[in-house]
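As structure tokens, the structure follows; a few thoughts come after it.
The values are calculated or read from the model by the stated rules, or taken from the named source; none is laboratory data. These numbers come from a predicted model, not from an experiment. Backbone-built Cβ (ideal geometry, glycine too); neighbour counts: all protein chains shown.
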Amino acid sequence: MPVRVGYVVCRSTCFVLATASLIVPLLFVFLATSLSPWFNLVNNALSNLGHEIRNPVAIIFNSGLGIGGVLVGLYVARCPWGTPFMFSGIAAGITLTLVGVIDEYYGMTHFVVSVAFFLPLTAFLLVYVAIRRNTAKSVAALVALSIAIALWVTHFIYRAPRGAAIPELVSVFVFAPFYLDQARASPCTEHG
């Protein structure tokens, strides 16, 4: 009698994939930072670490973003998010990979791709607020989004901080708890 081979993607697996898609690129970013003594959190953008001509460890930074984008893609493909979350996840995974591939060497194209990466994070938080029935979590997501937007406005209008690294990192860190909460809420799904 043939045995049907299948596997179950459960909450724990979804949570591990989501966690890895956050931690892996951040580890590569911090490794590239530690190997780049010229890098200054206040005066630089994280993308300065990925400039293939100016930074000999750019491959570390850019690879981390690419791997992170693939991990986001695996998470979205394997774990049920619901349609609104799925679109923001797909967009975040693709744009994260593109930020690593189209590095700072490409000038304005890199800038556009970098901005495009942060838009799905914003969309994710807005969907999270709209869908969550937990008022405290919705308010926390709105506060997190407001903090990130305020930092970006301050950076672009007042050039404070001078570099984009702080708004970039804060945007990722305020997004992370809600992303992981969504991963915890993913129901188990059987794939055959």
Please verify whether Pro161 is buried (at least 17 other Cβ atoms within 10 Å of the Cβ), in contact with a Phe, Trp or Tyr (Cβ under 6 Å, 6 or more places away or on another chain) and modelled with pLDDT of 95 or more, treating the condition exactly as stated. no
Of the candidates Val99, Val112, the one satisfying the condition of being buried (at least 20 other Cβ atoms within 10 Å of the Cβ) and closer than 24 Å to Val57 by Cα is Val99
Under 7 Å between Cβ atoms, at least 6 apart or on separate chains: pull out the pairs that start in the range 20-49 with a residue that is part of a loop (DSSP other than H, G, I, E, B) and end on any residue that is among the charged types (D, E, K, R). Val42/Arg162; Asn43/Arg162; Ala45/Glu168
